[in-house]
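Below is one structure, written out as structure tokens; the observations come after it.
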């Protein structure tokens with residue numbers, strides 16, 4: 001039930017943000033893809049190890065605060081697309097209709113949002129715990 005509460009809190013947070021017009025800033029990442037991938041197209045460094053069980057993390061208020069903070073750092077469109085896909089399980093086709101974007105753009109937005117969330121959680125949660 002705690003997972004459901006988190007899910008709906010995040011959805012409510014994102015819905016509140018959509019009361020303003022959507023603007024996408026595609027210059028959010030100051031690094032290039034070369035910084036993340038080697039010549040063979042593989043990740044240079046994998047994700048950091050999560051020492052805790054994911055269920056236990058959801059129960060910790062401090063982790064939930066980090067997730068909320070990281071969601072706030074995403075653009076409105078990135079947060080919305082990510083929430084529809086990952087929290088509500090919507091199809092790419094539905095997301096594209098809601099945001100009036102192409103399929104390719106949807107996948108790019110999802111990739112960037114996931115990458116930024118990963119980086120933010122690693123910096124604000126995993127590194128502080130070491």
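Summary table
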item	result
Scope the range 66-77; condition assigned to a helix (DSSP H, G or I) and within 21 Å of residue 126 (Cβ to Cβ); matching residues	66, 67, 68, 69, 70, 71, 72, 73
Selection within the range 86-102 - in contact with a helix residue (DSSP H, G or I) (Cβ under 6 Å, 6 or more places away or on another chain), over 22 Å from residue 125 (Cα atoms) and either in contact (Cβ under 8 Å) with a residue 24 or more places away in the chain or not in a loop (DSSP other than H, G, I, E, B) (or both)	92, 95, 96
Any hit, the range 45-55, residues being at pLDDT below 70, assigned to a helix (DSSP H, G or I) and closer than 17 Å to residue 7 by Cβ	yes
All positions within the range 85-111 that are under 23 Å from residue 9 (Cβ atoms) and within 11 Å of the chain's Cα centre (by Cα)	85, 86, 87, 109, 110
Test: residue in the range 109-119 that is out of contact with any helix residue (DSSP H, G or I) (no Cβ under 6 Å at 6 or more places or on another chain), outside any helix (DSSP H, G or I) and at pLDDT below 90	no
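The values are calculated or read from the model by the stated rules, or taken from the named source; none is laboratory data. For clarity, every value in this text was computed on a predicted model and none was experimentally measured. Using ideal geometry, Cβ is built from the backbone for each residue, glycine included, and neighbour counts are taken over all protein chains shown.
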